[in-house]
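Heads up, the thing below is written out as structure tokens.
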Amino acid sequence: MSVEAPLSHGQLFSWREVERYPEDWLAEANLPSTWDLRGLSGERVTRALRQLVDRHEALRTTYHVRAGGQPVQHVHEAVELPIERIDRVITDPSEHELTRAELLAQPFAMSGDLNWRGRLISSEGAPMYLGLTFSHLIVDLWSIHHLQDQFRALVADPGSVPAMGPAPRELARRQREESWRPRQESSERYWRSVLDEGLMDALPTLPAKVKRNRLELTLRSRSLGGFAAEAGKRHGVTAPAVVMALVAAGLARHLDTDRVTMSLMSSNRFAAEDQHNVGTMNQLIPFVTGVDMRATLGEHIKRLHWASAKAYRHSCYDFDRIAAMAAGLGERPGHDCWVNHLFRAWINYIQVDRRPSDPHDPSPAELEWTPLAQQYGQAFRVRVEVRGGRTSVLMLGDPEVLPAEAMTDIMRTLAAGVQLAVTDPGRALKDLWSAGGATPPPSLFPPELPEPPR
């Protein structure tokens, strides 16, 4: 037995984002998690998992498409745990990584699937770990952290009761009530102002499911996140704002423009009542900003921080209404994919754990090209992940407008800029490209550069 309901704004955005993926890239929507089960009985593990599923509608939800292409959600009263159980002798302490990779590679069907699955590994009857994969269609990374915390609490005390936010179905109901109308109108006014200013036309966009050659470059550094945090403190902004501002500067330089449209991934969890939601809440929101190469680093970072802060206030919206508005205002993608058209350059910054990064960590930075980059979607995007004190910056670009040399230079700009934003914030932004003016140390950027894929 199930109940049908419309999608929340976050669910609809995720649906529109994932439906554009080519069929052989659907696994890109997967989010992994590995839970340590050592010392627990199989009975306690199963009981806690069932309690999680009973507690959270997202884990009992399937999506379906009505006639005309409109997606809806079906919330089921009860479902079987989609957990495969395997008992084997474990000789490799890193075998959970193999399980993680195998689960990540299995795509979910967009319609009719629970959009999560797991593999419970035991050794001689004793639970060892649980490998899980969730589709972004039902949860975001924030939600997975909540689920893991609640699982730990339940195996320790089956009667534990966590703080809870509204379920996705309840959010969808609220977002269609009259009381939500002021927020809707405010978001739509903001979007109209962005579209009036004009999107970044130098970046080409693709139709849904169409592939195109892309390059992906990853910079890993144990000190970069520390410098970004120090710069944020010095200028009264956040570490993500520092990174975003420097990426935008590099992009503007290589597109030969003095204004950029950057899109930010918003968690949409600013209200206290949304802090404990388990569902998919993330949405991209764009902002248009000037990039003045004569400004100081400090001025540039603050300007982009406040522009992005304004954007975040309007990041929960009905995507289909915004696409219709854009069409009404004369936007013409030339194809069927509004996600690619409206968010041509975007950045997402994720702090996975609470371990701080050390700006003085001397470990050498690493720069690496991905052999086969994601071959669809926007022409430029950056994903930043801070985990265990190490910052990984993954940059994807269309080589027709951002060749390998440009992408490498944007990474160098970021590395040099985070340090100068701390040590010499009065330097002009243009000095990041002056001869000998901005050479980052090996802990931020390697002196020897890898060859891009051919």
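Here, each number is a calculation from the coordinates, and none is a lab measurement. Note that the coordinates shown come from a computational prediction; the quantities given were computed from them, not determined experimentally. We place every Cβ from the backbone using ideal geometry, glycine too, and count neighbours over all the protein chains shown.
The 3J(HN,Hα) values that the Karplus relation (6.51, -1.76, 1.60; θ = phi - 60°) gives for the stretch 2-9 are, in residue order, 9, 10, 8, 8, x, 7, 6, 4 Hz. Gly and Pro appear as x.
If only the Cβ of Lys and Arg carry +1 and only the Cβ of Asp and Glu carry -1, the dipole of the stretch 170-288 around its Cα centre is close to 440 debye.
Among the trypsin sites (Lys or Arg not before Pro) within the stretch 264-349, those in coil by DSSP and having at most 12 neighbouring Cβ atoms inside 10 Å are 294. Take every Cα pair under 8 Å whose residues are at least 6 apart in sequence, average their separation, divide by the length of the chain, and the relative contact order is 21 percent.
Here the dipole of the chain is about 800 debye; that uses its Cα centre as origin and unit charges on the Cβ of Lys and Arg (positive) and Asp and Glu (negative). Each listed q (0.15 Å⁻¹) maps to a log10 I(q)/I(0) for the stretch 84-151, found by the Debye formula over equal Cα scatterers with no solvent: -0.56. The longest part of the chain holding none of the exposed loop GluC sites (Glu not before Pro), meaning those outside H, G, I, E and B in DSSP with at most 14 other Cβ atoms within 10 Å, is 178-399. Across the stretch 368-454, counting alpha-carbon atoms alone, Rg and Dmax equal 14.1, 40 Å.
Every Cα-Cα pair of the stretch 1-45 was included, and the share exceeding 13 Å stands at 73 percent.
Computed from the Cβ-Cβ distance with R0 of 41 Å, the FRET efficiency linking residue 233 to residue 372 stands at 0.60.
Take every DSSP beta bridge whose two residues both sit in the stretch 189-433; close to 75 percent of them are antiparallel. If only the Cβ of Lys and Arg carry +1 and only the Cβ of Asp and Glu carry -1, the dipole of the stretch 318-454 around its Cα centre is close to 280 debye. Loop-located trypsin sites (Lys or Arg not before Pro) across the stretch 75-169 with a Cβ neighbour count of 15 or fewer within 10 Å are 88, with loop assigned by DSSP. If you wrap the tightest convex hull around every Cα atom of the chain and split its volume per residue, you get 159 Å³.
Loop-only check: which chymotrypsin sites (Phe, Trp or Tyr not before Pro) in the stretch 225-308 are DSSP coil with at most 15 other Cβ within 10 angstrom?
Working: sites: 227, 270, 287, 306; in loops: 270.
Here the sparse-neighbourhood loop sites are 270.
Each Cα pair of the stretch 2-173 feeds into the Kirkwood radius, which the Stokes-Einstein equation turns, at 25 °C and 0.890 mPa s, into a diffusion coefficient of 145 µm²/s.
Relative contact order for the stretch 72-176 using alpha-carbon pairs under 8 Å, separation at least 6, rounded to a whole percent?
In percent, rounded to a whole number, it is 22.
If R0 is taken as 45 Å, the Cβ-Cβ distance between residue 79 and residue 192 corresponds to a FRET efficiency of 0.60.
For the stretch 40-112, the convex hull drawn through the C-alpha positions has a volume of 117 cubic angstrom per residue. The count of lysine pairs in the chain whose Cα atoms are under 27 Å apart, excluding pairs fewer than 8 places apart on the same chain, comes to 6. For the pair the stretch 120-152 / the stretch 210-279, the C-alpha centres are spaced 28 Å from each other.
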